[in-house]
Amino acid sequence: MGIEQARKRMVDALVESGFVSENVAAAMEKVERHRFLPSGMESVAYVDSPLSIGEGQTISAPHMVGMMASGLELHPGLKVLEIGGGSGYHAAIIAELVRPGGHVYSIERIQSLADQANKNLRETGYGDTVTTIVADGSKGCAKYAPYDRISVACGAPDVPPPLFEQLNEGGRMLIPVGGRIYQELYLVTKVEGKMRKEDKGSVLFVPLIGEYGFRE
């Protein structure tokens with residue numbers, strides 16, 4: 001089976017399972033996941049599983065990427081903050097959904113991964129829509145705040161106060177909250193300045209390392 005067919009089969013399976021919305025499915029069919037993986041991993045690029053990208057980090061399973069993008073209700077024109085940029089794949093999916101007019105600010109704390117993500121995003125045509133920042137993701141990025149959406153791809157002990165502060169009124173944030181391995185995925189919304197949390201189920205993410213996360 002060719003790569004294009006494998007990607008289509010993966011997306012079709014996600015649609016059938018109910019994991020992704022129609023617009024997210026279209027974005028996932030367009031973004032080439034294999035181009036965000038280390039060389040030689042093309043044969044497993046469209047398996048619905050997290051995969052190692054080096055530095056002890058992973059690229060999330062496609063169903064989780066799809067679930068988070070669907071839950072954020074992304075559409076053109078939104079300003080999005082992503083925490084845990086990894087290899088850039090999730091940022092590319094978000095970028096595809098917020099074009100035209102939107103922008104993604106993607107924070108990655110590991111320089112080598114951020115450099116690779118930048119390269120991947122430029123080579124796949126998303127470099128103009130995604131800004132990669134090397135920083136402590138638990139503190140967000142006040143420079144470009146507020147954000148319409150915040151996507152957190154690492155588990156935190158609680159919702160970091162700076163992230164909630166940087167969320168626009170009426171905005172949506174998806175964040176795993178719990179321990180270093182197992183968490184609950186929460187949809188956080190800001191309504192009249194107050195936090196509303198909705199539990200979306202159990203997940204496993206790498207830990208959020210930083211001032212408002214876990215110690216290294």
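Just so it is clear, none of the values below were taken in a lab; they were calculated from the coordinates. Bear in mind the structure is a predicted one, so any value in this text is a computation, not a measurement. Don't worry about glycine lacking a Cβ; one is built from the backbone with ideal geometry, like all the others, and counts go over all protein chains shown.
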Neighbourhood charge, 14 Å Cβ-Cβ cut-off, centred on Met64 and excluding it, Lys, Arg +1 and Asp, Glu -1:
-1
Can you list which of the GluC sites (Glu not before Pro) found in the stretch 1-66 are DSSP loop residues with at most 16 other C-beta atoms within 10 Å?
Glu55
Here the percent of antiparallel bridges among DSSP beta bridges lying wholly in the chain, to the nearest 5, is 50
Tilt of helix 89-98 relative to the longest C-alpha principal axis of the chain, in degrees (0 to 90, nearest 10)?
80
For helix 62-71, report the angle its Cα long axis makes with the longest principal axis of the Cα atoms of the chain; keep it between 0 and 90° and round to the nearest 10°.
40
Can you tell me the dipole magnitude for the stretch 3-204 around its Cα centre, using point charges on the Cβ only (Lys, Arg +1; Asp, Glu -1), in Debye to the nearest 20?
260
Provide His103, His63 in ascending order of the number of other Cβ atoms located within 10 Å of each residue's Cβ, fewest first.
His63, His103
Under 1.5 on a/c is rounded, so check that first for the stretch 139-216, then, if it is not, pick prolate when a/b is larger than b/c and oblate when it is not; a ≥ b ≥ c are the square roots of the alpha carbon gyration tensor eigenvalues.
oblate
Any idea which of Thr58, Ser17, Pro146 is furthest toward the positive side of the dipole for the chain, if Lys and Arg beta-carbons carry +1 and Asp and Glu beta-carbons -1?
Pro146
Amide hydrogen neighbours beyond the local backbone of Leu51, cut-off 5 Å, H modeled:
Ile59
Calculated FRET value between Ser49 and Asp128, using beta carbons and R₀ = 25 Å, to 0.05
0.25
Other-chain or far-sequence residues with amide H under 5 Å of Ile209's (modelled H)
Phe214
Around Pro161, what is the net charge, scoring Lys/Arg as +1 and Asp/Glu as -1 over all other residues with Cβ under 12 Å from its Cβ?
-2
Mind jotting down the three principal axis lengths of the stretch 1-68 based on Cα atoms? Whole angstrom, largest first.
33, 26, 16
So for the stretch 72-216, what percent of the C-alpha to C-alpha distances run longer than 22 Å?
33
So how far, in whole Å, is the C-alpha centre of the stretch 1-39 from the one of the stretch 184-200?
28
Surpassing 20 Å at the alpha-carbon level, of the pairs Lys30/Lys190; Lys30/Lys139; Lys30/Lys119, are Lys30/Lys190; Lys30/Lys139
Dividing the Cα convex hull volume of the stretch 84-157 by residue count, how many Å³ per residue is that?
89
Between Ile181 and Glu4, how high is the FRET efficiency from 1/(1 + (r/R0)^6) when r is the Cβ-Cβ distance and R₀ = 35 Å? Nearest 0.05.
0.50
Charges only on Cβ, +1 for Lys and Arg, -1 for Asp and Glu: so what's the dipole of the stretch 58-171 about the Cα centre, in debye to the nearest 20?
180
Förster-model FRET efficiency, 22 Å R0, Ser202 and Glu16, C-beta, rounded to 0.05
0.50
